[in-house]
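Trainee: Dropping a structure here in structure tokens format, bear with me for questions.
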């Protein structure tokens with residue numbers, strides 16, 4: 001994505017990334033975590049504010065720091081880094097609610113041509129995975145790095 005993004009800190013495994021959102025609400029720590037699911041090679045992309053007490057992701061907080069485009073570009077950068085290390089991984093993502101899932105769909109739609117250069121993208125619709133297309137609502141998303 002050709003948008004500004006935040007500087008990332010990552011663990012050696014490239015499964016946990018941290019960055020700071022900066023805006024009117026101040027500096028807010030964010031986390032992106034890739035967790036393997038019960039299906040081998042399938043990872044859940046978790047994202048949200050870093051809970052200052054537990055150090056874990058809180059994906060229910062609405063920060064509204066007026067930097068959503070920069071945040072989405074930063075999360076996209078983690079997908080590139082993660083799939084550089086794990087090129088066969090399938091990444092599953094959905095929002096914690098319908099509004100966030102819609103926000104992710106809009107982000108994918110607005111950058112689809114560029115995303116499709118490097119990734120296969122699918123959307124979950126009525127329990128069925130379909131090739132992602134613009135102007136359709138999806139319940140979740142699945143991406144895989146193309147073998148270039």
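Only the coordinates and a few stated rules stand behind these numbers; no lab work does. Because the structure is a prediction, the values reported are computed rather than measured. Cβ coordinates were reconstructed from backbone atoms using ideal geometry, including for glycine residues, and neighbour counts include every protein chain displayed.
Trainee: Relative contact order for the chain: what is it in percent, counting Cα pairs under 8 Å that are at least 6 residues apart?
Mentor: Normalised by residue count, the contact order of the chain is 20 percent.
Trainee: Now for a separate question. For the chain, modelled as a Gaussian network with Cα springs under 10 Å, which listed residue fluctuates most, 131, 106, 91?
Mentor: Largest GNM mean-square fluctuation: 131.
Trainee: Using Stokes-Einstein with the Kirkwood hydrodynamic radius over Cα pairs, what translational diffusion coefficient do you get for the chain at 10 °C and a viscosity of 1.306 mPa s, in µm²/s rounded to a whole number?
Mentor: Estimated via Stokes-Einstein, D reaches 101 µm²/s.
Trainee: On full extension of the chain, what length is gained from residue 36 through residue 64, given 0.36 nm per residue of separation minus the C-alpha to C-alpha distance?
Mentor: 7.2 nm
Trainee: Set the Förster radius R0 to 25 Å, insert the Cβ-Cβ distance between residue 29 and residue 97 as r into 1/(1 + (r/R0)^6), and round the FRET efficiency to 0.05.
Mentor: For residue 29 and residue 97, the calculated efficiency is 0.70.
Trainee: Rounded, prolate or oblate: which fits the range 101-148 when a ≥ b ≥ c are the square roots of the eigenvalues of the alpha-carbon gyration tensor, with rounded for a/c under 1.5 and prolate only if a/b beats b/c?
Mentor: oblate
Trainee: So, in Å, what gap is there between the alpha-carbon centers of the range 46-67 and the range 90-122?
Mentor: What the calculation gives is 19 Å, centre to centre.
Trainee: Between residue 128 and residue 146, what is the label-point separation in nm under the 7 Å Cα-to-beta-carbon projection?
Mentor: Result: 2.5 nm between the two label points.
Trainee: Now for a separate question. First measure r as the distance between the Cβ atoms of residue 121 and residue 51, then evaluate 1/(1 + (r/R0)^6) with R0 = 30 Å and state the FRET efficiency to the nearest 0.05.
Mentor: For R0 = 30 Å, the calculated efficiency reads 0.50.
Trainee: Gain in length, residue 80 to residue 13, computed as 0.36 nm per residue apart minus the alpha-carbon separation, to one decimal in nm?
Mentor: 22.7 nm
Trainee: Is it possible to state the helix-based mean residue ellipticity at 222 nm for the chain, with each DSSP H run of 4+ residues giving -39500 (n - 2.57), the sum divided by total residues, to the nearest 500 deg cm²/dmol? What is it?
Mentor: -8000 deg cm²/dmol
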